[in-house]
Amino acid sequence: MYPLLKINKKKIVENTQAVIQRTTKLGVAVTAVTKCTGGNLEIAQAFLDGGATTIGDSRIKNLKNLAPLPCEKWLIRVPMPSEVNHAVAYATLSLNSEITTIRLLNQAARAQGKIHGVLYMLDLGDLREGLFIGDGNPAKPEMNDLITTAFAKLDQDIEEIAAMKNIKLRGIATNATCVGATIPTPQTFGAFFKVKSRIEDKYQLPCEIISGGNSSAYYLVDNQTLPGEINNLRLGDVILFGRESAYYHCYDYLHQDAFILDVEILELQDKPTYPVGEIGRNAFGEIPAFEDKGIRRRAICGLGRQDTDTDHIFPLLPELTIEGSSSDHLVIDVTDAKTTYQVGDIISLRCDYVGALHAATSSYVDKIVITQ
């Protein structure tokens, strides 16, 4: 059935191998992130086949699906208080920023007879999750008070965590480029490493894991400027799509086409390219802009915004262009195609991270893992 998302396992294995070859030289372990594939078990196995030893996901349902894999599994989104029992059941470790949730994790781990690992999340300025400590160079006076208060809270939290019987503080973690779009640089980790030293020196707790971010930090691996204190990265985008997420640079040693979305042509007709009549808002409340290109051959395909983000899919053939989409339809200009299309023919589209994320988690898109 179509639309059909084809995920190439062989290319993901090869990408994993290439990335881990480079991180290993810097003493950095990789937590390979499966959330873009909806916790697909075959793709998680592809990460392991490529050399990863730890799998990360943001959803408990996905981690439950990955339970058969004999490896560490991380919950990389801060657990909701309502899901702590499942977090302990299906994750070896979770990222945390609230002591109230860590207390609940301790209770859940005690009830299950487990020791649950925790990475304490720190916000260096991206303004997503984590105790806000900034990058060590506060730009405004009021930030000094905020950071002073944060370090006092840090001391209270670490002291309490150290006394917990069923929680093990395994290190610290941070994130970048997700909400605030801040780009990690060697300089932005100053306060991060200060916390590492504080935990180890003041509380005599070894920080086994110093997790320096996601695929936006991979460019620091590639140009070998990643600070030496960082020994873990949580990587999905760069492995799956062959590009880092700070500057969107694609690497020639990585595949960018491991995710292909096939769509079926429902209608094929010549039509004007400028709407007839008064233009208002479309089905999504947007006021679209159109360029009058005259009469063109337009293929309407069975895929829409209910299935994926149509701004993040791209025809494999350069002579095809996406002209628009609705909830259920994708309009592709095929006028310049070297192929003579018919109704029922298939057009293949490459997905980037966002396009694949939506398609892989849509119940309306069929998925298949291929090996060639």
Long-range neighbours under 9 Å by Cβ, at least six apart or interchain, first residue free of Cβ contacts under 8 Å to residues at least 40 places away in the same chain within the stretch 1-30, second among the acidic types (Asp, Glu) and assigned to a helix (DSSP H, G or I): Val13/Asp49; Gln17/Asp49
Of residues in the stretch 2-22 being in contact with a helix residue (DSSP H, G or I) (Cβ under 7 Å, 6 or more places away or on another chain) and hydrophobic (A, V, I, L, M, F, W, C), the one surrounded by the fewest Cβ atoms within 10 Å (Cβ to Cβ): Val13
Residue check, Phe151 open to solvent by less than 50 Å² (accessible area, probe 1.4 Å) and out of contact with any helix residue (DSSP H, G or I) (no Cβ under 7 Å at 6 or more places or on another chain): yes
Residues being of a type outside the set (Asp, Glu) and open to solvent by 50 Å² or more (accessible area, probe 1.4 Å) - total across the stretch 240-274: 12
Meets criteria (of a type outside the set (Lys, Arg) and touching a His at 6+ places or on another chain (Cβ under 6 Å)) for Ile239: no
Residue match in the stretch 175-185 (condition: touching a Phe, Trp or Tyr at 6+ places or on another chain (Cβ under 8 Å), over 30 Å from Gln107 (Cβ atoms) and in contact (Cβ under 8 Å) with a residue 40 or more places away in the chain): yes
Hits in the stretch 154-179 - residues which are at pLDDT below 95 and loosely packed, with under 15 Cβ neighbours inside 10 Å: Val179
Scan of the stretch 199-221 for residues that are within 19 Å of the chain's Cα centre (by Cα) and open to solvent by 10 Å² or more (accessible area, probe 1.4 Å), ordered by number: Asn214, Tyr219
Of the criteria (1) in contact with a helix residue (DSSP H, G or I) (Cβ under 9 Å, 6 or more places away or on another chain); (2) farther than 25 Å from Gly355 by Cα, which one Ile279 fails: (1)
Residue list for the stretch 227-246, filter: touching a strand residue (DSSP E or B) at 6+ places or on another chain (Cβ under 8 Å) and more than 23 Å from Glu72 (Cα to Cα): Phe241, Gly242, Arg243
Elements of type strands (runs of 3 or more DSSP E) in the stretch 32-104, at least 2 residues being in contact with a Ser or Thr (Cβ under 7 Å, 6 or more places away or on another chain), closer than 28 Å to Phe259 by Cβ and not aliphatic (A, V, I, L, M): 54-57, 72-75
Flag for Thr182 being out of contact with any Lys or Arg (no Cβ under 7 Å at 6 or more places or on another chain), open to solvent by less than 40 Å² (accessible area, probe 1.4 Å) and β-branched (Val, Ile, Thr): no
Entirely in the stretch 300-372, the strands (runs of 3 or more DSSP E) that have 1 or more residues that are acidic (Asp, Glu), in contact with a Lys or Arg (Cβ under 8 Å, 6 or more places away or on another chain) and open to solvent by 30 Å² or more (accessible area, probe 1.4 Å): 321-325
Of all residues in the stretch 131-148 being of a type in the set (Gly, Ala, Ser) and surrounded by fewer than 17 Cβ atoms within 10 Å (Cβ to Cβ), the one that is farthest from Ile183 (Cα to Cα): Ala139
Candidate set from the stretch 255-299 (those that are within 23 Å of the chain's Cα centre (by Cα) and assigned to a loop (DSSP other than H, G, I, E, B)); member that is nearest to Arg350 (Cα to Cα): Asp257
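Tell me the residue from Lys25, Lys61 that is among the charged types (D, E, K, R), open to solvent by 50 Å² or more (accessible area, probe 1.4 Å) and closer than 22 Å to His86 by Cα, please.
Lys61
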Criterion: under 23 Å from Ile370 (Cα atoms), at pLDDT 95 or above, touching a Phe, Trp or Tyr at 6+ places or on another chain (Cβ under 7 Å) and not aliphatic (A, V, I, L, M) - qualifying residue of Asp257, Asp307, Asp252: Asp307
Residue that is nearest to the chain's Cα centre (by Cα) [pool: residues in the stretch 29-42 that are more than 12 Å from Asn62 (Cα to Cα) and crowded, with 23+ Cβ neighbours inside 10 Å]: Ala32
Complete set of residues in the stretch 92-120 that are buried (at least 22 other Cβ atoms within 10 Å of the Cβ) and hydrophobic (A, V, I, L, M, F, W, C): Leu93, Leu95, Ile102, Leu105, Ala109, Val118, Leu119
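The values are calculated or read from the model by the stated rules, or taken from the named source; none is laboratory data. All figures in this text were calculated on a predicted structure; none of them were measured in a lab. Note: ideal-geometry Cβ built from the backbone for every residue, glycine included; neighbour counts use all protein chains shown. With ligands, DNA and RNA removed, areas are computed over all heavy atoms of the protein, side chains included. Shrake-Rupley method; radii C 1.70, N 1.55, O 1.52, S 1.80 Å.
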